[in-house]
1. Among the residues that make up segment 110-117, is at least one of them buried (at least 18 other Cβ atoms within 10 Å of the Cβ) and farther than 20 Å from ASP142 by Cβ?
2. Kindly establish whether VAL61 is within 25 Å of LYS172 (Cα to Cα) and at pLDDT 95 or above.
3. Can you run down the residue pairs with Cβ atoms below 6 Å, 6 or more apart or on separate chains, where the first is in segment 11-30 and free of Cβ contacts under 8 Å to residues at least 24 places away in the same chain and the partner is in a helix (DSSP H, G or I) and crowded, with 20+ Cβ neighbours inside 10 Å?
4. Scan the strands (runs of 3 or more DSSP E) fully inside segment 65-136 and keep the ones with 1 or more residues being under 14 Å from the mean Cα position of the chain (by Cα) and among the basic types (Lys, Arg).
5. Scan ARG41, ARG25 and give me the residue that is within 23 Å of CYS151 (Cα to Cα), open to solvent by 20 Å² or more (accessible area, probe 1.4 Å) and not polar (S, T, N, Q).
6. For segment 129-171, how many residues are open to solvent by 50 Å² or more (accessible area, probe 1.4 Å) and small (Gly, Ala, Ser)?
7. When you check GLN5 against the structure, is it open to solvent by 40 Å² or more (accessible area, probe 1.4 Å), touching a residue at least 60 places away in the same chain (Cβ under 8 Å), of a type outside the set (Gly, Ala, Ser) and under 25 Å from ASN121 (Cβ atoms), yes or no?
8. In segment 54-64, which residue that is assigned to a strand (DSSP E or B) and touching a strand residue (DSSP E or B) at 6+ places or on another chain (Cβ under 6 Å) is surrounded by the fewest Cβ atoms within 10 Å (Cβ to Cβ)?
Amino acid sequence: QEPPQGLVALVFTDVQSSTKLWENRKMEMAEAISLHDGILRGLLKKHKGYEVRTEGDAFFVVFGDVMDAFNWCFESQFQLLEAEWPARLLTFPAAAKEEPYWAGVRVRMGVHIGMPNSRRNPVHGRMEYFGPVVNEADRIADSGHGGQVICTKPVMEAIKKAVQEGKEMENKLTTKWLGKYPYEGVKELMDIYQVIHPKLAKRGVASEGVFPELRINWDLPNAKEATHFPHKQEGKTIN
């Protein structure tokens, strides 16, 4: 797959609670991460994704088309759900089997869009992407939860434009606005949306179809302007 240039969709993924899983299920995690990597990497060619790098169990992938990015995200989520995980891995809470929406490692995914700087690595020849938009994409993805797919407002606008041009996704996805959030190194608050596949609409943690609040550093300078800043009043925290 040739590395896309110009306006691209950037996807970061990460396994939730991987440190605890390695500490408590070391042998099983070695097999699980190999399985996880095989699933995510094995679907890249089909969806025209370009693997930029991996760090531990985290992937950074770039797509020339935002539709391809979401098709990859959700086919990956389904294959992870249906994979044959080591039996003992499934006895640990962070990878427990809870049919029909959970089984095995839980992978958070974040999608952003922009025009990063890029260059060929002189040693291995792979394309490298860098710059503010890459940093933003990384931090946004990290704020999500395992099994959750989130994206930014520019991504939503790109989807709307693609639909107007007659393009279609493999599945009819819906979105839910989560709020405006602060991120380190980003001056403005960012509108974050959860992207929902119809077959995973009831996947949740806090309750059916609901994930906990995003993992945000509320000490950032502009955090008080955020939608869900935890205001303190008379010693009590209210949202």
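1. no
2. Spelling it out, VAL61 is indeed within 25 Å of LYS172 (Cα to Cα) and at pLDDT 95 or above.
3. Every condition considered, the pairs that remain are TRP22/MET29.
4. Where strands (runs of 3 or more DSSP E) fall fully within segment 65-136 and carry at least 1 residues being under 14 Å from the mean Cα position of the chain (by Cα) and among the basic types (Lys, Arg), they are 107-114.
5. It is ARG41.
6. 1
7. Yes; evaluated as a whole, the condition is true for this residue.
8. Step by step, filter segment 54-64, then rank; the result is ALA58.
The values are calculated or read from the model by the stated rules, or taken from the named source; none is laboratory data. What you see is a predicted model; the values in this text were computed from it and never measured. Neighbour counts run over all protein chains shown; Cβ positions are idealised from the backbone, glycine included. In case anyone asks, the SASA skips ligands and DNA or RNA and just uses the protein heavy atoms, side chains included. Shrake-Rupley method; radii C 1.70, N 1.55, O 1.52, S 1.80 Å.
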